[in-house]
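Structure record follows, encoded as structure tokens.
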Amino acid sequence: MDPDRHLHHAERGELEADVKVEVNAVGTESTSSSEKSVLSSDSEKLRTGATTTTTITTPLKRRPKREWNRRKALLVVCHLVLIGFALTGFLMYARGWGGGLAYRCGYSDSWYEYGMDQQPVLGEEEIRMVKENVFLKTVGVIDGHNDLPYHIRHSFKNTINNENFTFSVPPYLPTFHTDLPRLKQGQVAAQFWSAYVGCPASNFDSKGKEFGDEIYRGIVHDTLQQIDLIKRFITQQQQQFDGGSDGEAEDESYFLGLQGGVGAVASGMGLTWDDAKQAYVRRDAAEWGFYGGGEGLRDRKISSMIGVEGLHQIGNSAATLRLYYELGVRYITLTHGCDNAYADGAVFGREEGKGGRWGGLSERGRGVVAEMNRIGMIVDLSHVTREVMRDVLTGGTVKAPVIFSHSSAYALCPHTRNVPDDILHLVKENGGVVMVNFYPVFISCGEGRKPQDATLEMVADHIEHIAHLIGWDHVGIGSDFDGIEITPKGLEDVSKYPDLFKELLRRGAAVEDLEKLANRNVLRVWRKVEEVRDSEEMRRRLPWEDEGEVEVEPFVLAGPGEL
């Protein structure tokens with residue numbers, strides 16, 4: 001090494017590193033550390049194969065202190081950032097955010113409900129878009145009225161155990177409005193299935209007695225068949241996916257069992273209740289980029305409930321009414337398209353306000369409404385006359401909120417099956433819900449309007465009319481699918497519910513209001529009906545009896561040998 005060069009490096013504060021190189025006879029090299037020495041050559045030793053050990057001193061540059069400081073500072077900052085992220089994630093998890101900042105936006109009246117101390121910092125437009133996108137993928141519709149069981153009776157004679165009934169397997173039911181794939185596509189969370197049986201041919205029996213028991217016996221028989229059909233249908237859907245007879249499930253059933261209480265329905269939807277308000281437990285939305293922490297949309301199941309469409313189906317007996325409740329029926333319409341012993345029906349073709357047998361609700365009708373309140377049966381005012389609506393909603397007759405399971409707005413379509421504005425105000429006072437019907441005859445009527453012209457937008461008009469007049473707390477969905485021969489354009493079957501909600505969003509409806517329309521309102525009414533049932537007043541009330549109305553055959557003692 002050049003001594004002057006070595007000195008030059010040393011003066012610049014550079015370090016010297018020593019490398020010991022060993023060269024053997026075959027030309028291989030190995031290195032080891034040694035004390036510093038001056039390089040020397042010995043060619044003779046190389047020729048004889050002896051090992052020559054030399055030490056090479058090479059200088060290494062010392063990095064300036066400022067560069068080391070910058071590097072250390074950067075490392076410290078990176079570590080602090082990583083620690084900050086980890087701590088923030090832990091605190092968010094511990095606070096119950098579940099990583100769902102965007103997913104939580106606006107779904108509660110209180111940000112604190114979801115563990116947030118303050119509203120997340122998102123623009124109003126971003127919040128609106130997140131809420132709308134999540135809502136449209138998790139609507140959870142509760143439909144107040146579907147006549148699939150009657151369609152099954154008509155088309156399949158109530159036979160569903162053979163290969164012809166293809167509700168949940170290809171080719172499904174293309175001529176129906178309802179089958180399993182379309183229920184999923186429509187995001188239906190719960191359905192009231194109607195156990196409908198038509199009115200008697202006459203209101204007089206063979207002895208000339210008006211509303212005699214005789215004319216209703218076959219109707220009660222058929223109603224029991226329809227209730228049984230609904231229960232068998234639900235069980236069949238559960239078994240088909242949950243394993244059936246062999247117990248080996250290929251997929252999980254989309255159906256829950258028959259639900260008898262609002263708590264079970266809410267639980268099946270991923271909803272929970274407290275004493276103050278309803279609060280969503282949101283479903284897992286990971287498949288579209290969010291994480292929620294509730295039950296996954298893919299795991300959603302449909303809850304099933306039963307409605308009976310007319311008191312003619314109880315056969316003049318409060319005992320039958322109570323037994324229907326025990327079998328799972330949770331609402332009864334007071335009439336269908338006929339008068340009965342309890343109330344006047346909105347008979348097609350009858351001039352409004354004229355021709356009804358009672359001019360409203362009969363005295364026995366007041367008794368049956370009181371009994372429905374006592375046992376927790378929801379009172380349904382679809383199909384009744386305006387006078388019956390008013391009699392039920394005034395004078396303290398009804399103690400719990402009512403529903404119109406499938407009726408629309410009279411102001412937009414003046415049909416006797418629809419609800420006039422003055423009655424809508426009474427519904428608001430009562431806390432009830434009008435569940436809008438999709439039947440074009442009730443949607444598009446009046447001067448210059450024809451049923452065949454009905455559209456999805458017209459159904460939205462009916463919803464908005466009710467909501468703007470009495471509030472979004474009092475409107476719901478009651479399609480009447482599979483009980484109507486024509487449908488509005490754009491609402492051809494149960495898969496189309498999300499399109500209706502998109503239209504209402506386009507018109508400026510708030511997500512929170514559309515959640516009420518989809519399911520919260522009817523659940524609120526049902527919960528209040530159960531609260532009234534469980535009240536001290538109702539617990540003290542004795543069951544309503546048929547005394548004085550029971551037809552009794554003469555009692556004849558059996559003769560000898562007849563027993």
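For the range 340-354, taking the residues that are open to solvent by 10 Å² or more (accessible area, probe 1.4 Å) and touching a Gly at 6+ places or on another chain (Cβ under 7 Å), the one that is nearest to GLY263 (Cα to Cα) is identified as VAL347.
Inside the range 228-262, can you point out the residues that are assigned to a loop (DSSP other than H, G, I, E, B), open to solvent by 30 Å² or more (accessible area, probe 1.4 Å) and modelled with pLDDT of 75 or more? Passing the criteria: only GLY260.
Search the range 438-457 for residues that are over 16 Å from PHE481 (Cα atoms) and pair each with any residue that is among the aromatic types (Phe, Trp, Tyr) when their beta-carbon atoms are under 6 Å apart and the residues are at least 6 apart or on different chains. Here the result reads none, with nothing in the range 438-457 linked to a residue that is among the aromatic types (Phe, Trp, Tyr).
Restricting the first member to the range 525-542 and to residues that are acidic (Asp, Glu), and the second to residues that are open to solvent by less than 80 Å² (accessible area, probe 1.4 Å) and part of a helix (DSSP H, G or I), the beta-carbon pairs closer than 7 Å and six or more apart or on different chains are GLU530/VAL262.
Residues in the range 471-490 that are open to solvent by 30 Å² or more (accessible area, probe 1.4 Å) and not aliphatic (A, V, I, L, M): TRP472, ASP473, GLY483, GLU485, THR487, LYS489. Comparison of VAL522, VAL511 shows that the only residue that is of a type in the set (A, V, I, L, M, F, W, C) and touching a strand residue (DSSP E or B) at 6+ places or on another chain (Cβ under 6 Å) is VAL522. Please indicate, with yes or no, whether at least one residue in the range 294-304 is at pLDDT below 95 and of a type in the set (Asp, Glu). Yes.
Of the residues ASN418, ASN430, ASN437, the single one that is of a type in the set (S, T, N, Q) and more than 26 Å from the chain's Cα centre (by Cα) is ASN418.
Can you confirm whether LEU122 is open to solvent by less than 70 Å² (accessible area, probe 1.4 Å), part of a loop (DSSP other than H, G, I, E, B), modelled with pLDDT of 55 or more and aliphatic (A, V, I, L, M)? Yes, satisfied.
Residue by residue through the range 173-212, note down the ones that are open to solvent by 30 Å² or more (accessible area, probe 1.4 Å) and assigned to a helix (DSSP H, G or I). Across the range 173-212, the qualifying residues are PRO181, ARG182, LYS184, GLN185.
The values are calculated or read from the model by the stated rules, or taken from the named source; none is laboratory data. Note that the coordinates shown come from a computational prediction; the quantities given were computed from them, not determined experimentally. A quick note on method: Cβ atoms are made from the backbone with ideal geometry, for glycine too, and the neighbour counts reach across all protein chains shown. Only protein heavy atoms, including side chains, enter the accessible area calculation; ligands, DNA and RNA are left aside. Shrake-Rupley method; radii C 1.70, N 1.55, O 1.52, S 1.80 Å.
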